[in-house]
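Report on the structure given below.
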Amino acid sequence: MDRTFSIKTLGCKLNQYESALIADRMAKRGWRIVPFGEPADLVIVNTCTVTDKSDKKCRNYIRQASRLAREGRVVVTGCMAESPAGFPENLPGSVRVVKNSGKGLIPSMADGAESALDNDGFDSPMPLYRTRAYLKIQDGCGGNCSYCIVPSVRGLPSSRPYGEIMEHARMLAGSGVPEIVLTGITIGKYADSGRDLADLVEGIISIPGDYRLRITSIEPGDVSGRLLDLYSDAKICRHIHVPLQSGSDRVLAAMNRPYGRDFYLETIGRIRARNRDIAVGTDIIVGFPGEDGASFSETLETVGLAGFSYVHQFSFSPRSGTPAASLAGTTPRAETEERSKRLRDLAAGTGLEYRRRFVGTALRCVIERKGRALVGVSDNYLKIRLAGGRTGIDPGSKFHDVILDSAEKNGCLGRPVV
Ligand code: SF4
């Protein structure tokens, strides 16, 4: 019988990884995946609840899923399932809610076996996409940033066993995936039998094979000297993402972030001292309660000093159940939008400056399709649209040298080396 399912994933790389896990196991049980949007026997929505916006999106997708699912068989999982505060009301009865810890149950639930947890003893999904494989190493967070819902939906930090990760990494490297992306909630807190993140990275890059390793978001306090030393290895992508959130010590204290501006800039200085070509990205929250013109200017100044290659900017979104949700001094929406625009403009400038340094050089890229365009993604996270489309692209090889011809505010253009 041709049983079909679809899965809609929102949020972070960890959610992407877990969707790959669910899809991998469903396929092993004989289910066929169809694109979300097509009718299916089972529709899964893997939700995110990090901001109001993500809640709103999830509600819409859950309603859409109820329409797409034959016999209304819908499974809602992910972080929204942990905090039903933003859940859509009057959902049809056939919608099942599965918490993060139960995600492994979904395939057996799909087959009607309530409790059987699929455990092939080797929890290592193949990626949904061929060019980039997310590798879960850690989950949860022990921090208590005053605005953040994550610890209450993802729980305390837990690290995946070193041996299991190494076996999964060997499988991915052997499968021909060009890029392995380490993922978790606070990967810098990885700890297993006395090994930390640097030990794990060192272990993974010792695996033979033609692939590269991307280290994703890491808290400022977890950027160790040993980890930075490993960035000299050609297998490690010249890219690091270190959330700043604000450049004002007063606002950082109200956010309960465990560092100050000077420490943050010193951390960026240590990264640049290792290799000035490393792409440094960050997250910044604009409009946090109590943020005024002066403290926002400090954020802009910090962005200028850090010279980020990109900034993910978020407008403050009060999450019920977090301390920041009841803080006084709400920033008016118009003010937040005006500041966000100034930050985007500044970040566009520092990003352009960074990209322009590579114009005329050949960068080793993984080629991905973005809509109708082909885009080369370099290790230092430049996304280069290929002017000539497929011309010169050897579909057989997984890496391609791409010459960066131009870098403008709206993006980069390049062509494959032939
Ligand atoms: S470190 Fe802070 S922002 Fe990050 S997940 Fe933990 S509590 Fe949230």
Only helices at least 18 Å long along their axis, Cα-based, and averaging 0.0 or more on Kyte-Doolittle count here, so list those DSSP H runs from the chain. 293-306
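With a probe of 1.4 Å, find how much accessible area the chain has per residue, and write the answer as a whole number in Å². Don't skip to the answer; put the middle values down first.
Numbers: 18100 Å² over 418 residues.
Ligands and nucleic acids excluded, the figure is 43 Å² per residue.
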Write out the cysteines belonging to the chain for which the nearest other cysteine Cβ is not under 4.7 Å, or none if no such cysteine exists. CYS12, CYS48, CYS58, CYS79, CYS141, CYS237, CYS365, CYS412
Over all directions, the range 3-119 yields a Cα convex hull whose mean projected area in nm² is 6.5 nm²
Violations at 32 Å Cα threshold for listed pairs LYS56/LYS409; LYS235/LYS341; LYS99/LYS409; LYS235/LYS370; LYS8/LYS398; LYS8/LYS189 -> LYS235/LYS341; LYS99/LYS409
Taking the Cα centre of the chain as origin and charging only Cβ (+1 Lys, Arg; -1 Asp, Glu), how large is the dipole, in debye to the nearest 20? 1120 debye
Under 20 Å from a point 7 Å along the Cα-to-Cβ line of ARG356: which residues of the range 308-333 have their amide N that close? 308-311
Projected label distance in nm at GLU202 and ARG385, using a 7 Å step from Cα toward the beta-carbon: 4.4 nm
Taking LYS57 as the anchor, which aspartates and glutamates have their alpha carbon closer than 16 Å to its alpha carbon, excluding any fewer than eight residues away along the same chain? GLU89
Gain in length, ALA294 to VAL34, computed as 0.36 nm per residue apart minus the alpha-carbon separation, to one decimal in nm? 88.5 nm
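Over the chain, with every protein chain in place, what whole percent of the accessible area is carbon and sulfur at 1.4 Å, could you tell me? Don't jump to the answer; show the numbers that get you there.
Numbers: 9510 of 18100 Å².
Carbon-and-sulfur percentage of accessible area, whole number: 53.
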Taking the alpha-carbon centroid of each part, what is the distance from the range 234-286 to the range 25-81 in angstrom? 35 Å
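Rank these residues by their accessible area, most exposed first, probe 1.4 Å: ARG270, ARG344.
On the way: ARG270 65, ARG344 125 Å².
The ranking, largest first, comes out as ARG344, ARG270.
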Measure off 7 Å from each Cα along the Cα-to-Cβ vector at ASN144 and SER101, then give the distance between these two points in nanometres to one decimal. 2.1 nm
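Report the extension gain between GLU301 and ASP2 in nm, rounded to one decimal, defined as 0.36 nm multiplied by the number of residues separating them, less their alpha carbon distance.
On the way: separation 299, 0.36 × 299 = 107.64 nm, distance 5.80 nm.
Full extension of this stretch gives 101.8 nm more.
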Take LYS398 and ALA253, extend 7 Å from each Cα along the Cα→Cβ direction, and tell me the distance between the two endpoints in nm. 5.0 nm
Straight-line reach only, C-alpha to C-alpha below 20 angstrom: list the aspartates and glutamates that LYS383 could link to, leaving out same-chain residues fewer than 8 apart. GLU179, ASP277, ASP283, ASP345, GLU353, GLU368, ASP394, ASP401, ASP405, GLU408
How large are Rg and Dmax for the chain when only the alpha carbon atoms are used, in Å? 21.9, 64
Looking at the chain, send over the antiparallel percent of its DSSP beta bridges, to the nearest 5. 35 percent
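The values are calculated or read from the model by the stated rules, or taken from the named source; none is laboratory data. Keep in mind that what you see is a predicted model, and the values were worked out from it rather than measured. Using ideal geometry, Cβ is built from the backbone for each residue, glycine included, and neighbour counts are taken over all protein chains shown. To get the accessible areas, we keep the full protein, side chains included, count just its heavy atoms, and leave off ligands, DNA and RNA. Shrake-Rupley method; radii C 1.70, N 1.55, O 1.52, S 1.80 Å.
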